[in-house]
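Below is one structure, written out as structure tokens; comments come after it.
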Amino acid sequence: MAALVGDEPRWDAPLRLLGGLHALVLTGRASWDEVDAALEEHGEFLSWAIAERPVQTNEVQRCWALLPCFLELARRSGFEELDLVELGPSAGLNLLWDRYCYSYEGGDWGPADARLALTGEERCPVPAGLLGQQVRVGRRLGIDLAPVDVTTDEGALLLKSFVWADQAHRLELLDRAIETLRAEPPEILRGDIAEKLPGVLASRRPDALTVVWQTSVLGYLPEERRERVYAALAEAGAAGPLGWVTAGSSRRSPEHEWALKVRLSPATKSSVLAQADFHGAWLEWVA
């Protein structure tokens, strides 16, 4: 094991090692019942995986928590069409949220024949009236420094390998989301968010509400680049309607849940709509 990770292992070496092992299992080259044999037989691949293979996830279950936020922005703005911009979308699975079907206590939303159906635990239900809000999606665009192309087997394997192997439900959701994406992939712009976002916002359409969102990527940006993102949002919001959805630390339980906040510019303050699990397993509507 020490020979694989080196004398000064990186902080995420255990994740990369498990992801590499899972990739071997998923492709039939190894078994969880014979991990020692896999470490010995595939040592070269696992050493490469620890050194070079990036940790990547794309939690499509988060769409179940995000959908009411998008619907609320449509309701507040009066726009019937939304243009989507996701910051740090990985493969872009969450850019397809309107193609999935959702179930809440107050009703269902989305196409009944969708490949992927999402539900979760509502600790305080989403208003039934909000679920009657219908929207169209016009453009959909993601900005990511290292996007994953799940139209390829390699890209799909990368995402699947970083789901815990015993979480069969998450793997099933991922498979169905990948099937949906392959039918019509969204556009993913490769590059630095702080550099690319101003140009993207400058090309907004006046007949649709552009909605920008992020779930975790801003926490990984250096402060200077994060401030540039906020500045680009503020400048664009001052020039015309702009929706913003962000998942941030919850004052109530900063280590275990998110506060889902929305802002419809030119307003300057965000409002908290819900508390949610990091992966979207549960939602508590508080608005």
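The values are calculated or read from the model by the stated rules, or taken from the named source; none is laboratory data. None of these values were measured; they are calculated from a predicted model. Backbone-built Cβ (ideal geometry, glycine too); neighbour counts: all protein chains shown.
Quick notes on this one:
- Candidate set from region 259-287 (those that are of a type in the set (Lys, Arg) and buried (at least 16 other Cβ atoms within 10 Å of the Cβ)); member that is farthest from the chain's Cα centre (by Cα): 263
Yes/no per residue for (1) among the hydroxyl-bearing types (Ser, Thr, Tyr); (2) under 29 Å from residue 112 (Cα atoms); (3) touching a residue at least 40 places away in the same chain (Cβ under 8 Å); (4) touching a Ser or Thr at 6+ places or on another chain (Cβ under 7 Å):
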residue	(1), (2), (3), (4)
126	no, yes, yes, no
134	no, yes, yes, no
143	no, no, yes, no
182	no, yes, no, yes
192	no, no, yes, no
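- For the condition in contact (Cβ under 8 Å) with a residue 12 or more places away in the chain, buried (at least 17 other Cβ atoms within 10 Å of the Cβ), outside the structural domain of residue 164 (by TED's automatic domain parsing) and of a type outside the set (Ser, Thr, Tyr), residue 45 qualifies.
- Leading residue by the ranking (farthest from residue 166 (Cα to Cα)) among those in region 7-33 that are charged (D, E, K, R) and surrounded by 12 or more Cβ atoms within 10 Å (Cβ to Cβ): 10
- Residue match in region 194-204 (condition: assigned to a loop (DSSP other than H, G, I, E, B) and in contact (Cβ under 8 Å) with a residue 40 or more places away in the chain): yes
- Residue that is surrounded by the most Cβ atoms within 10 Å (Cβ to Cβ), among those in region 147-173 that are touching a Leu at 6+ places or on another chain (Cβ under 7 Å) and within 21 Å of residue 84 (Cα to Cα): 150
- The one condition in (1) aliphatic (A, V, I, L, M); (2) more than 24 Å from the chain's Cα centre (by Cα); (3) surrounded by 18 or more Cβ atoms within 10 Å (Cβ to Cβ) that residue 74 fails to fulfil: (2)
- Filter result (without any contact (Cβ under 8 Å) to a residue 12 or more places away in the chain and of a type outside the set (D, E, K, R)) within region 20-42: 28, 31, 37
- Residue count for region 98-149, restricted to those that are among the polar types (S, T, N, Q), over 24 Å from residue 171 (Cα atoms) and modelled with pLDDT of 95 or more: 1
- Restricting region 127-146 to residues that are touching an Asp or Glu at 6+ places or on another chain (Cβ under 9 Å) and among the aliphatic types (A, V, I, L, M) leaves a set whose member that is surrounded by the fewest Cβ atoms within 10 Å (Cβ to Cβ) is 128.
- Considering residues of region 209-230 that are surrounded by 19 or more Cβ atoms within 10 Å (Cβ to Cβ) and assigned to a loop (DSSP other than H, G, I, E, B) only, the residue nearest to the chain's Cα centre (by Cα): 215
- Failed item in (1) among the hydrophobic types (A, V, I, L, M, F, W, C); (2) at pLDDT 95 or above; (3) over 17 Å from the mean Cα position of the chain (by Cα), with residue 158 passing the rest: (3)
- So residue 11, is it part of a helix (DSSP H, G or I) and either at pLDDT 95 or above or not assigned by TED's automatic domain parsing to the domain that holds residue 145 (or both): no
- Qualifying positions in region 70-99 - of a type in the set (Phe, Trp, Tyr) and closer than 20 Å to residue 60 by Cα: 70, 97
- Scanning region 83-93 for residues that are surrounded by fewer than 24 Cβ atoms within 10 Å (Cβ to Cβ) and not in a loop (DSSP other than H, G, I, E, B) turns up 83, 87.
- Of all residues in region 119-126, at least one satisfies being crowded, with 17+ Cβ neighbours inside 10 Å and among the β-branched types (Val, Ile, Thr).
- Filter result for the condition that a residue is within 20 Å of the chain's Cα centre (by Cα) and not hydroxyl-bearing (Ser, Thr, Tyr), over 54, 111, 14: 54
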